[in-house]
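Notes follow the structure.
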Amino acid sequence: MITPLIMSPESNLSVAWAKAFIELMKPGKEVRHPAIITIQGFDITGDIENAQIKERLNQELKKHKKNSCETVAGTIFPASMWNPLLPNDAEVLFERYKRAWPGIKLCQTNRKGVYFRRLTSYQSKIEGNEPVNQLQFIIDTYKQGNHRKSAMQAAIFDPSRDHSNARILGFPCLQQVTFTPIGDDQLSITGFYAKQLHFEKAYGNYLGLYQLGQFMAKQLNLKLTQVICIASCLERSEFNKSELTSLETDLQKILNSN
């Protein structure tokens with residue numbers, strides 16, 4: 001039986017990723033079901049990332065010809081397009097992304113879709129259905145006084161597009177995102193993954209969820225205090241353990257020095 005991986009909450013996204021990676025490097029522990037990673041307390045410490053861990057991971061990702069943490073995060077939330085200082089920041093962001101989409105979808109890795117596009121223009125293949133900006137719906141519903149928890153969820157997986165007999169599909173692994181108000185002024189964001197590759201994707205996924213959570217927290221006049229990532233199946237990597245041993249060693253040194 002595959003054992004679960006439920007990590008103790010960390011206040012630093014990078015540390016949470018590194019500790020989970022080291023757990024997955026243990027003999028016979030490269031696949032876990034389920035895996036729950038919780039990041040909280042960063043609103044107090046103010047330090048969401050560790051530059052050493054992120055830089056070392058990006059070096060290894062580049063070595064293996066994989067996308068950087070920032071590139072993966074950008075599929076969930078395009079942080080470079082968001083200016084939180086604008087009074088109509090959400091409207092501007094949605095319009096910028098809409099204009100940029102024709103170019104974004106030309107990338108081969110985006111041929112089946114991008115998470116932020118599904119969040120802001122969800123449209124099934126059923127004829128006559130109009131695109132739905134799920135984030136705008138959540139914002140409008142909450143601001144109108146309806147704080148029902150089930151209204152605060154956004155779907156990624158679309159059976160009309162994504163049910164396939166293909167052996168390898170690639171997208172979407174992220175199924176759903178939920179936003180959970182806590183008390184009067186806090187917000188938690190949870191991402192649910194059917195499968196996640198930890199080395200290749202998890203750091204970027206955590207970062208993207210954090211950035212999306214910050215954006216939504218601003219729209220709802222709340223403070224983001226928690227990021228949760230749940231993977232039904234978490235795999236260490238598509239690469240062999242021996243190819244990642246030096247990364248494990250360096251991460252352990254960084255953790256020990258802090």
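Things to note:
- Residue ID - farthest from F199 (Cα to Cα), chosen from residues in the stretch 22-43 that are in contact with an Asp or Glu (Cβ under 7 Å, 6 or more places away or on another chain) and surrounded by fewer than 22 Cβ atoms within 10 Å (Cβ to Cβ): K29
- Every pair of residues 6+ apart whose Cβ atoms lie under 7 Å, when the first sits in the stretch 196-209 and is aliphatic (A, V, I, L, M) while the second is at pLDDT 95 or above and not in a helix (DSSP H, G or I): L197/E235; L197/S237; L197/E238; A202/Q196; L209/I189; L209/G191; L209/V227; L209/C229
- At least 1 residues being exposed (fewer than 15 other Cβ atoms within 10 Å of the Cβ) is the threshold, and among the helices (runs of 4 or more DSSP H) wholly inside the stretch 96-165 those reaching it are 134-143, 159-162.
- Among the residues of the stretch 4-36, those that are touching a strand residue (DSSP E or B) at 6+ places or on another chain (Cβ under 9 Å) and in a loop (DSSP other than H, G, I, E, B) comprise P4, M7, S8, P9, S11, N12, K29, E30, H33, P34.
- Residue ID - surrounded by the fewest Cβ atoms within 10 Å (Cβ to Cβ), chosen from residues in the stretch 210-258 that are within 15 Å of the chain's Cα centre (by Cα) and assigned to a strand (DSSP E or B): I230
- So L57, is it of a type in the set (A, V, I, L, M) and within 28 Å of I182 (Cα to Cα): no
- For K62: the one exception among (1) at pLDDT 95 or above; (2) surrounded by 16 or more Cβ atoms within 10 Å (Cβ to Cβ); (3) outside any loop (DSSP other than H, G, I, E, B): (2)
- The single condition from (1) in a helix (DSSP H, G or I); (2) of a type outside the set (S, T, Y); (3) within 18 Å of the chain's Cα centre (by Cα); (4) within 23 Å of I228 (Cα to Cα) that Q52 fails is (3).
The values are calculated or read from the model by the stated rules, or taken from the named source; none is laboratory data. On a predicted model such as this, the values are computed, not experimentally measured, just so you know. Because the Cβ atoms are built from the backbone with ideal geometry, glycine has one as well, and the counts that use them run over all protein chains shown.
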